[in-house]
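Chemist: Input: one structure, supplied below.
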Amino acid sequence: MASIVGADRPLIGMVHVGALPGTPGSSEDLDALCARAVADARTIGEAGFDAIIIENMHDVPYLLEDAVGPEIVSAMTRVGLAVREAVAIPLGVQILAAANRQAIAVAHAIGASFVRVEGFCFAHVADEGLIARAHAGELLRYRKMIGADGVRIFADICKKHASHAITGDLSLGEHARAAAFCGADAVIVTGRHTGEAAAIEDLDDARSGGGSPVLVGSGVTDANVRTMLAHSDGVIVGSWIKRGGDWRNGVDAARARALVRAARAVP
């Protein structure tokens, strides 16, 4: 992982960009959205996190894959550039839902280091609908085509807010092994919902698959971060570092610092 975000067992903080123009919850112009994203990113960076991801989570309910249009891509590019100029730590991009090519394009344009993707391998049913094809083949070819080989791919496996009955006969380890085989630079294990912690046995199962590093992608708190790091190769933290522990709010500087202190305390 050190070659990806410059730290051993990195702490990665989420910046949930406000509802973008054209989405149901949109109420702010791009200047305001950029300003709030930059403020959150600076707070995360100053707290001592190793990297940041920007994500359009406030665009709920999400469009799926190629239905995510140019207005989202252009807005995320503008926000990403503002964040990139404001903080020096590595930056990642996720565009919901499963808009993985769009995320690669934005990451390449803004000089981001990685993307978080859904549907990388195997099909599943998400609350946005059916992700019926694995994206790995087309995504890696698209990354090559646009010259974005330096953008790493962090792939969710058996992701939250989704049913995985289609692949119910496969273990997390088998999902992780398949993602690594298909070229993922890291895999992400989550709980069932936003803010719900990943099960330790799921992390251990995913790590047993070998290959790509395993990141925890939900439910990390100051109380469990050291345990999560002991069973993974890094953590992504969103809800807990927000005011009141609610992902809809801005980043709370005190909570962000507390998470970092807890993660780096001597056991």
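The values are calculated or read from the model by the stated rules, or taken from the named source; none is laboratory data. Values in this document were obtained by computation on a predicted structure and should not be read as measured data. All Cβ positions, glycine included, derive from the backbone under ideal geometry; neighbour counts span all protein chains shown.
Chemist: For residue 62, all conditions in the list (1) touching a residue at least 60 places away in the same chain (Cβ under 8 Å); (2) surrounded by fewer than 18 Cβ atoms within 10 Å (Cβ to Cβ); (3) of a type in the set (Ser, Thr, Tyr) hold save one; what is the number of the exception?
Modeler: It is condition (2) that residue 62 fails.
Chemist: While we're looking at this one, here's another question. Residue 249 versus (1) more than 20 Å from residue 19 (Cβ to Cβ); (2) loosely packed, with under 15 Cβ neighbours inside 10 Å: which is the lone unmet condition?
Modeler: (1)
Chemist: Now, a different point. Scan the range 90-110 and give yes if some residue there is in contact (Cβ under 8 Å) with a residue 60 or more places away in the chain, buried (at least 18 other Cβ atoms within 10 Å of the Cβ) and among the basic types (Lys, Arg), otherwise no.
Modeler: no
Chemist: May I pose another question? Conditions first: (1) within 22 Å of residue 214 (Cα to Cα); (2) in a helix (DSSP H, G or I). Residue 12 passes all but one, so which condition is the exception?
Modeler: Going through the list (1) within 22 Å of residue 214 (Cα to Cα); (2) in a helix (DSSP H, G or I), residue 12 breaks only (2).
Chemist: Consider the range 178-233. How many of its residues are in contact with a Gly (Cβ under 7 Å, 6 or more places away or on another chain), of a type in the set (A, V, I, L, M) and assigned to a helix (DSSP H, G or I)?
Modeler: So the answer is 2.
Chemist: Somewhere in the range 15-28, is a residue part of a strand (DSSP E or B) and in contact with a strand residue (DSSP E or B) (Cβ under 9 Å, 6 or more places away or on another chain)?
Modeler: yes
Chemist: Moving on. Name the residue that is modelled with the lowest pLDDT, counting only residues in the range 161-196 that are hydroxyl-bearing (Ser, Thr, Tyr) and closer than 20 Å to residue 239 by Cα.
Modeler: 194
Chemist: Go through the range 161-177 and report how many residues are surrounded by 13 or more Cβ atoms within 10 Å (Cβ to Cβ) and in a loop (DSSP other than H, G, I, E, B).
Modeler: Residues flagged as surrounded by 13 or more Cβ atoms within 10 Å (Cβ to Cβ) and in a loop (DSSP other than H, G, I, E, B) within the range 161-177 amount to 4.
Chemist: Look at residue 238 and say whether it is in contact (Cβ under 8 Å) with a residue 12 or more places away in the chain, in contact with a Ser or Thr (Cβ under 8 Å, 6 or more places away or on another chain) and either at positive phi or crowded, with 20+ Cβ neighbours inside 10 Å (or both).
Modeler: Working: in contact (Cβ under 8 Å) with a residue 12 or more places away in the chain: yes; in contact with a Ser or Thr (Cβ under 8 Å, 6 or more places away or on another chain): yes; either at positive phi or crowded, with 20+ Cβ neighbours inside 10 Å (or both): yes.
So residue 238 passes the test.
Chemist: Identify all residues within the range 35-49 that are over 14 Å from residue 249 (Cβ atoms) and surrounded by fewer than 24 Cβ atoms within 10 Å (Cβ to Cβ); write none if there are none.
Modeler: 35, 38, 42, 45, 46, 47, 48, listed by residue number.
Chemist: Can I ask one more? Could you grab me the full set of residues in the range 61-114 that are hydroxyl-bearing (Ser, Thr, Tyr) and either touching a Ser or Thr at 6+ places or on another chain (Cβ under 6 Å) or in a helix (DSSP H, G or I) (or both)?
Modeler: Answer for the range 61-114, where residues must be hydroxyl-bearing (Ser, Thr, Tyr) and either touching a Ser or Thr at 6+ places or on another chain (Cβ under 6 Å) or in a helix (DSSP H, G or I) (or both): 74, 77.
Chemist: Now, a different point. Consider the range 246-264. How many of its residues are modelled with pLDDT of 95 or more and in a helix (DSSP H, G or I)?
Modeler: Counting residues in the range 246-264 that are modelled with pLDDT of 95 or more and in a helix (DSSP H, G or I) gives 11.
Chemist: Search the range 1-32 for residues being of a type in the set (Gly, Ala, Ser) and at positive phi, and hand back the single one that is farthest from the chain's Cα centre (by Cα).
Modeler: Per the stated criteria, the residue is 22.
Chemist: Go through (1) within 26 Å of residue 5 (Cβ to Cβ); (2) outside any helix (DSSP H, G or I); (3) of a type outside the set (Ser, Thr, Tyr) for residue 130 and report which single condition fails.
Modeler: The failed condition is (1).
Chemist: Taking the range 127-160 on its own, how many of its residues are surrounded by fewer than 16 Cβ atoms within 10 Å (Cβ to Cβ), under 26 Å from residue 10 (Cα atoms) and modelled with pLDDT under 90?
Modeler: 0
Chemist: Kindly list, by first and then second residue, each pair from a residue in the range 245-267 that is closer than 14 Å to residue 45 by Cβ to a residue that is in a loop (DSSP other than H, G, I, E, B) and among the aromatic types (Phe, Trp, Tyr), limited to pairs with Cβ atoms under 8 Å and residues at least 6 apart or on different chains.
Modeler: If the second residue must be in a loop (DSSP other than H, G, I, E, B) and among the aromatic types (Phe, Trp, Tyr), the pairs left are 256/49; 260/49.
Chemist: Within the set of pairs 6 or more residues apart or between chains, which connect a residue that is on the phi < 0 side of the Ramachandran plot inside the range 33-47 to a residue that is of a type in the set (Lys, Arg) and part of a helix (DSSP H, G or I) with Cβ atoms less than 7 Å apart?
Modeler: 34/78; 47/257
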